[in-house]
Amino acid sequence: MTLVVLGVRHHSPACAGWVERTIDRLRPGAVLVEGPADFTPRLPELLLDHQPPVALYSHHRQGPHTHGSWTPFCGYSPEWRALRAGQQTGAELAFIDLPAWHEAFADVENRYRDRVYDHAPRAPMPWAERLCEAFSADGYDAVWDHVFEQALDDEVRAERHQIYFRLLREANPAEARDERREAYMRAHVAHALARHDTVVVVCGGFHQPALEDATPSDTPPADIVPEEDAELGTYLVPYTFHRLDSFTGYQSGMPSPGYYQMVWDHGPERAVDEALARIVVRLRDKNQTCSTADLIAARTLAGGLARLRGHEAVQRVDLLDGLAASLVKGALDMPLPWTRRAPIAAHTDPLLVEILRVLSGDDRGRLHPDTPRPPLLHDVHAALRSWGVAFSADTVPVSLDLHQAAHRQQSAVLHRLRLLDIHGVVRAAGPATVHDVELQEHWNVRWTLETEASAIEAGAYGATIEDAARRRLSEMLEADAPLDALVEVLLMSRFAGLADIDARALAVLAQRMQHAKLDEVGPALSRLLAVHRHDARFGGQGDPQVAALLEALTDRALWHADMLSGATAGLTQSHLDLALGLRDVVRHGGVADATGAAVRATFRRRALDADCPCGLRGAAWGAHISLVDDDEDAPSRLPGDRRAMLQAAPPSQLGDFLAGLFCLARVEIGVDPSLVGAVHEVLCQLSQAEFLATLPALRHSFAYFPPREREALAAVVAALLGAEAPPDARDLLRPAASADELVEARALDRAVAVQGIDYGWWPEESTP
Amino acid sequence: MPKSKSRPSPSPDLQRPPAEVLYADELARLAQDDTAAKPPGWRLSLPAVRAFILGDGDRDISKKFVGAPSLVERAMVTLATNRGLMLVGEPGTAKSLLSELLAAAISGRSTLTIQGGASLIEDHIKYSWNYALLVAEGPTEKALVPAPLYTAMKEGAIVRFEEITRCPLEVQDALLSVLSDRQLAVAELEQMLFAKEGFNLIATANTRDRGVHEMSAALKRRLNFETIFPINDFQVELNLVKREATRLLERSGVHTRPPDEILEILVTTFRDLRTGVTTQGHATERLSSVLSTAEAVSVAHLLGVRSHYLTEGKVSAADLVECLAGVAAKDDAEDLKRLRAYLERRVPKKKGAHWTALYEARHRLGT
């Protein structure tokens, strides 16, 4: 009786080779692999001629609780190679771990995650730190590569694995859930030992110590039966390297799958050249300079580092270090991203981000045509049929009235399909936001071959349309996209009935908002606030998640409001949007009281700040005036003397100042003769040139008044000039010319412009 | 970062002996045991250089530089190739120390140093003339006064160029042909000086000086850049601040140091404002003023002295706010705004009586 337990690191090409060689050599009676035991009867599906990466997707729904998890395989996964090698030597194959629905897998998204990062809270592991120090390695990934990802004698490898994983287990003891899994795996091993002379077990190295001393037993492992009302299933889905590399934190596995695929395919030496070639293509595509000399330098450095570090062949960190040293031409804002295990931080050098993307790879798996279809496909078919759509028939229009609950449900399904990029689902017309008054939607739905293909591909996200769309949504929200695009996704998700986004995506989004640019903040704030206030139909009103995002955005907006400087900096729409967004969010109670107080304080401070851009200063004053009614703290009010406030602004910036002021507080100020008088005084002091310079901004500022108020203003101005107020002040506002004359003047303007363009005086886009 | 471990100096009358003198014994032992292959012109092999800088407990070699080992490795390998090394980073991150250690280990001398500055001219880099001899004998080798670059090329050694971005561009560009062709024309003698094996250049520059004199793309191409970051580990930095502050305070005749809670707040605040992320994971605006560990030490020193001589040994959060304002106002008026925003909106999210006190003292910044 021989029991060989191969404790591996998941997704390690070196381990995959070791496993393959061992099975070829021993030709065992049984090959047992860590994987969901309930899938064993369906192993032939997994052994079809797929193109990896593929994954087993397991879903589980019980009452309100749903959970989905993946067991991903690449071409170089030890488990994948073990099953294939076992098949070739005619061994009995089995998965021996608990099914994915078992409570031992609650919260686990990636069955093949790395135990070394499964250490919460992140207490240091002295032995691992010492390993890093001894091998001068930044992080455990580099240590692993240094010790294991090189050509080793199999016996040496086995011994090193044993020591490494024993240490890992001592530092990171097995929890109750691990013990349950290991007990179950042991039962499988024991039963196999009773029936076969030689048994090879391939499992995560962490479990190796618990399985090695299994003894033969005739009792088969106890059946694990799900509860009766549970809805569950496991299916093969095509997978991508991108998704494999995007597990973060304690769900993560080995990084850079694209690179290790090259190592598996071509060997470590050629992998380096292959990777370099791809990196150059990518960088040059992105218009980055990457000269031949740079490449020679990178290759030389990588080789030199490998020799210095005692690597037989260049390894991932050597290559990355070589590239960083030779290609980066300036100071970095953030440490090299491969020196720690975390999502790529903001401000990381974009060159390094691109390099890592290349190593991450963009391979997409493909399933063999005989594979049973993922469950999502059936769900999509059912949905299509429910609208009377048939395969390769004509487009079916679907019209929905979102005021009706039943229609809203149908619309949600269509929106989810759209999120999943299911081909043939097109929204022809519909409201732009959930709080639109008009809530009619029109869709065109078709069912084609591409629909099938896209649904199979989307199967990697989940088993049902809802689960898959939810996960896809989280992915979209975590993507590195402009803020307005993210807000758009967020708002559209309410149509899809997926408003409660998961906590991680929410955190990522809030983080993104903390870095929002000046021109992004104001509009995003207004859009979110509108949902928070008005979305009665889709439940956005008072939604705590929206409130959390509002809080994050307000915080960022405050940074901008505080930081803008330079009294003569011109007024831009983003200044006004910023002030409006901040004012409204406080006025309508979108944020916590403390934040509101900070906003008020900022407005007060900036209204008095001589270094504040005048437009923003006026806006801050306006915001203060329009908020002051609610403000009980009377002493903190700004001085009521509007004349003094006005005179504090430089005369040449008067127009900007007033535009800001009226944009925020036109209603509150109304027609204030004393203010008009003050404006008049300032204007009288301006020279002709100054007056002309400030005129456009002045016109802009008074454009905030509707005609009736402008009439009242005209009366005040007439009085100021000592002219007799005309019986109808609106006459002053009427153009002196007749409509015909205006049309004629406009035609003349156009003719002049055309000639000007002909002669090349003006650029072409200046056509009136 | 600790500048160097204090050891009995071999020449007690020197204020600060260079690394090759201070650690002569270690260098000699390393050279003796060195069996690995050495790059041409190097005194030590790469593993021995690494051991010299990062320490080796088994051979009683002290650790002289706290930082990522991979950085030291990249730096060494760069120097063994035909590109120069450029160390960049915030002030006070031990760039010059690393450059000195590398030069001492590789060439056995760290004193071939050019100190960059606005008044630097090419003569200070390459060579100049003894004018009396020049007039008497005409241009001869005897009349030539070599500058560090010349000597380094002639002898095959590492030349150090400190604060390179403080030099005018045309002076920086004098390095171009030296770095690419490894030769220097001495037109007056109608001679070429060809660099011996072992010659290379380590430049340092401060990230705060970006824009003082940008570097030309041509020079950048000939250098590999390495960024040195401030100390990553909170505890390591806090301990260093405590130790150094105590040392400075004792020198000022103060035998107590500010309470640990205050120092913790000080170091946390520095780290938050330096990295732009608070310990709670919230983003904050980074200060452009220098927030090095050395600066934190000097604030701790200041707090200690103030409390000892002015407030009967009490250090309050308000004192800390005032010191922070002093640090922030040094460089950039915008920094005061950033600091205010940090105190107003980030500090209240932190838990603890001292943080609350800090928040309440925020008005000390003024408006």
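Some notes on this structure:
- Filter result for B:V315 (surrounded by 14 or more Cβ atoms within 10 Å (Cβ to Cβ), under 33 Å from the mean Cα position of the chain (by Cα) and assigned to a loop (DSSP other than H, G, I, E, B)): yes
- Tally of residues being in contact with a His (Cβ under 9 Å, 6 or more places away or on another chain), assigned to a loop (DSSP other than H, G, I, E, B) and more than 9 Å from chain B (Cβ to nearest Cβ) across region A:311-340: 2
- Among residues that are buried (at least 23 other Cβ atoms within 10 Å of the Cβ), within 20 Å of A:H146 (Cβ to Cβ) and facing another protein chain (nearest Cβ under 8 Å), A:A302 is not included.
- Any hit, region B:319-338, residues being touching a residue at least 60 places away in the same chain (Cβ under 8 Å), surrounded by 19 or more Cβ atoms within 10 Å (Cβ to Cβ), within 14 Å of chain A (Cβ to nearest Cβ) and within 20 Å of A:L564 (Cβ to Cβ): yes
- Scan of region A:83-97 for residues that are surrounded by fewer than 21 Cβ atoms within 10 Å (Cβ to Cβ) and assigned to a loop (DSSP other than H, G, I, E, B), ordered by number: A:T89, A:G90
- Matching residues, region B:71-82, being within 7 Å of another protein chain (Cβ to nearest Cβ) and at pLDDT below 90: B:T81
- Taken residue by residue, region A:441-452 has no member that is surrounded by fewer than 17 Cβ atoms within 10 Å (Cβ to Cβ), out of contact with any Pro (no Cβ under 9 Å at 6 or more places or on another chain) and modelled with pLDDT of 85 or more.
- Odd one out for A:L529 among (1) over 24 Å from A:H59 (Cβ atoms); (2) modelled with pLDDT under 85: (2)
- The set of residues in region B:269-297 that are of a type in the set (G, A, S) and either part of a strand (DSSP E or B) or free of Cβ contacts under 8 Å to residues at least 40 places away in the same chain (or both) comprises B:G276, B:G281, B:A283.
- Of B:E73, B:E90, all but one fail to be touching a helix residue (DSSP H, G or I) at 6+ places or on another chain (Cβ under 9 Å), over 19 Å from B:K220 (Cα atoms) and of a type in the set (D, E, K, R); the exception is B:E73.
- Selection of strands (runs of 3 or more DSSP E) fully inside region B:178-227 by the criterion of at least 3 residues being within 13 Å of another protein chain (Cβ to nearest Cβ) returns B:200-206.
- The residues on offer are A:A499, A:A516, A:A524, A:A510, and the sole one that is within 17 Å of A:G581 (Cβ to Cβ), in contact (Cβ under 8 Å) with a residue 12 or more places away in the chain and outside any helix (DSSP H, G or I) is A:A516.
- Among the residues of region A:1-51, those identified as among the polar types (S, T, N, Q) and either in contact with a Pro (Cβ under 7 Å, 6 or more places away or on another chain) or over 27 Å from A:P221 (Cα atoms) (or both) are A:S12, A:Q51.
- Taken as a whole, the structure places A:P343 among residues that are at negative phi, surrounded by fewer than 17 Cβ atoms within 10 Å (Cβ to Cβ), outside any helix (DSSP H, G or I) and out of contact with any Phe, Trp or Tyr (no Cβ under 9 Å at 6 or more places or on another chain).
- Residue identified as modelled with pLDDT of 85 or more and in contact with a Leu (Cβ under 7 Å, 6 or more places away or on another chain) among A:D370, A:D379, A:D363: A:D370
- Answer residue from region B:29-81, given it is over 19 Å from the mean Cα position of the chain (by Cα) and basic (K, R) and is surrounded by the fewest Cβ atoms within 10 Å (Cβ to Cβ) among those: B:R59
- Filter result for A:T300 (farther than 30 Å from B:N232 by Cβ and either within 25 Å of the chain's Cα centre (by Cα) or among the β-branched types (V, I, T) (or both)): no
- Residues satisfying the stated conditions in region A:23-49, i.e. surrounded by fewer than 20 Cβ atoms within 10 Å (Cβ to Cβ) and not hydrophobic (A, V, I, L, M, F, W, C): A:D24, A:R25, A:R27, A:G29, A:T40, A:P41, A:R42, A:P44, A:E45, A:D49
- Of the residues making up region B:83-119, those that are over 15 Å from A:G322 (Cα atoms) and at the interface with another protein chain (Cβ under 8 Å from one of its Cβ atoms) are B:V88, B:G89.
- Every condition in (1) among the hydroxyl-bearing types (S, T, Y); (2) surrounded by fewer than 23 Cβ atoms within 10 Å (Cβ to Cβ); (3) within 14 Å of chain B (Cβ to nearest Cβ) holds for A:S360 except the one numbered (3).
- All conditions but one from (1) without any contact (Cβ under 8 Å) to a residue 60 or more places away in the chain; (2) within 14 Å of chain B (Cβ to nearest Cβ); (3) under 20 Å from A:P268 (Cα atoms) apply to A:L131; the one that does not is (3).
- Residue selected from region A:547-594 under the condition under 27 Å from the mean Cα position of the chain (by Cα) and hydroxyl-bearing (S, T, Y), by the criterion farthest from the other protein chains (Cβ to nearest Cβ): A:S574
- In the set (1) closer than 23 Å to A:R307 by Cα; (2) surrounded by 14 or more Cβ atoms within 10 Å (Cβ to Cβ); (3) touching an Asp or Glu at 6+ places or on another chain (Cβ under 8 Å); (4) not aromatic (F, W, Y), B:R109 fails one condition alone, (1).
- Any hit, region A:386-398, residues being in the same structural domain as A:F495 (by TED's automatic domain parsing) and part of a helix (DSSP H, G or I): yes
- Residues (under 26 Å from the mean Cα position of the chain (by Cα) and assigned to a strand (DSSP E or B)) located in region A:62-82: A:H65, A:T66, A:H67, A:G68, A:S69, A:W70, A:T71, A:P72, A:F73
- Residue pairs whose Cβ atoms lie under 6 Å apart, separated by 6 or more positions or on different chains, with the first residue in region A:276-295 and within 12 Å of chain B (Cβ to nearest Cβ) and the second surrounded by 14 or more Cβ atoms within 10 Å (Cβ to Cβ), are A:C290/A:V280; A:C290/A:L283; A:D294/A:S326; A:D294/A:L327.
The values are calculated or read from the model by the stated rules, or taken from the named source; none is laboratory data. Since we're looking at a predicted model, the values are computed, not measured. Virtual Cβ from ideal backbone geometry, glycine too; neighbours counted across all protein chains shown.
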